[in-house]
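One structure is given below, encoded as structure tokens.
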Amino acid sequence: MQYAAQHTGTGQPMIAPSILSADFARLADEIDRVAGSDWLHVDVMDAHFVPNLTIGEPVVKSIRAATDIPLDCHLMISDPDRWAPGYATLGAHNVTFHVEAAGDPVQTARAIRAEGAKAGLALKPGTALEDYREVLTEFDTLLIMTVEPGFGGQAFIDAMIDKIAAARRAVDSGHLNLLVEVDGGVNAATIERAAAAGADCFVAGSAVYGADDPAQAVRALREQAAAAS
């Protein structure tokens with residue numbers, strides 16, 4: 001199966017369905033329902049960094065064995081410096097961790113890359129992009145949270161559009177080589193604003209898995225984003 005290439009504002013937008021909204025009792029079947037997705041977004045929560053507990057390395061390993069869709073692991077965990085490289089070792093395509101939880105984000109990014117994965121840095125809504133511009137040169141992906149991390153189904157925070165636009169300008173200026181990803185409240189009503197602001201990749205949970213045909217929902221969201229970008 002062929003997947004869309006990453007783009008930097010001029011190519012095809014990427015859709016990453018979040019399995020947080022899937023039926024965990026039928027996870028392999030739920031993954032099959034989003035065939036044709038660019039990435040599969042896997043939320044790892046530890047009930048410490050965020051007040052929720054989801055899955056860890058054993059389940060990610062099983063998911064990797066069950067699909068060819070590249071895994072986009074979003075680590076909402078404490079001490080990512082210790083744990084993040086292990087997800088790269090398991091075969092994740094992209095491993096993103098939160099700067100708010102990291103002791104040494106640059107070292108952790110390099111450790112992820114050394115294991116063959118792309119390294120992503122996530123920012124909570126209240127975390128300023130400007131504070132981390134220098135370290136972003138070490139990353140492949142910038143994940144801008146458009147909700148507070150920890151729970152699915154939240155409403156898109158419109159104030160994050162300015163942060164997305166600032167990230168796009170930084171990339172387009174040539175200072176950074178990043179894929180700009182957004183996560184939280186992405187659906188048919190919000191994806192066009194995020195795309196117009198400059199996002200490359202869109203994490204969508206309930207907007208995909210709440211549809212009768214999740215694969216068609218992925219295609220429709222991608223078309224909306226492409227028309228707006």
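Nothing in this text is a laboratory measurement; each read-out follows from the coordinates by a stated rule. This structure is a prediction, so every number in the text was calculated from the model and none was measured. Positions of Cβ are backbone-derived with ideal geometry, glycine not excepted, and every protein chain shown enters the neighbour counts.
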Checklist entry - Given springs between every Cα pair under 10 Å in a Gaussian network model of the chain, which of ASP162, ASP81, ASP72 has the largest fluctuation? => result ASP162
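If I require 20 Å or longer along the helix axis, counting alpha carbons, and a Kyte-Doolittle average no lower than -1.0, what helices from the chain are left? Use full DSSP H segments.
Flagged H segments are 214-228.
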Next on the checklist: Show log10 I(q)/I(0) for the chain at q = 0.08, 0.09, 0.10 Å⁻¹, two decimals, from a solvent-free Debye sum over equal Cα scatterers.
Outcome noted: -0.24, -0.30, -0.38
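Only bridges with both residues in the stretch 14-228 count here: give the DSSP antiparallel percent, nearest 5. Spell out each step's value before the answer.
Numbers: 1 of 33 bridges.
That works out to approximately 5 percent antiparallel.
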Next on the checklist: Quick one: the Cα spread of the stretch 154-217 along its three principal axes, in angstroms, biggest first?
Outcome noted: 42, 23, 15
Item to check | Span per principal axis, largest first, for the Cα atoms of the stretch 27-108 (Å) | outcome: 37, 25, 19
Item to check | Most positive-pole-ward Cα, LEU123, ILE157, ALA88, against dipole of the stretch 14-228 from beta carbon charges | outcome: ALA88
Checklist outcome for this item: Of all DSSP beta bridges with both partners in the stretch 3-127, the antiparallel percent, nearest 5, is 5
Checklist outcome for this item: Treating every alpha carbon of the stretch 101-229 as one equal point scatterer without solvent, the Debye formula yields log10 I(q)/I(0) values at q = 0.11, 0.20 Å⁻¹ of -0.39, -1.16
Item to check | Within a Gaussian network of the chain (alpha carbon springs, distance under 10 Å), most fluctuating of ALA170, ALA35, ALA117 | outcome: ALA170
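Beta carbons within 10 angstrom, averaged per residue: use that to sort the peptides 74-80, 14-20, highest first.
Details: 74-80: 23.4, 14-20: 26.0.
The packing order, highest mean first, is 14-20, 74-80.
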Checklist entry - Are there GluC sites (Glu not before Pro) in the stretch 130-228 that DSSP marks as loop and that have at most 10 other Cβ atoms within 10 Å, and which are they? => result GLU134
Item to check | DSSP loop chymotrypsin sites (Phe, Trp or Tyr not before Pro) with at most 16 other Cβ within 10 Å excluded, longest remaining stretch of the chain | outcome: 4-150
Checklist entry - With θ set to phi - 60° and the Karplus curve 6.51 cos²θ - 1.76 cosθ + 1.60, what are the ³J(HN,Hα) couplings of the stretch 96-102 in order, to the nearest whole Hz, using x for Gly and Pro? => result 10, 10, 8, 5, 5, 9, 8
Checklist outcome for this item: Most fluctuating of SER21, SER206, SER62 in the GNM of the chain (C-alpha, under 10 Å) is SER62
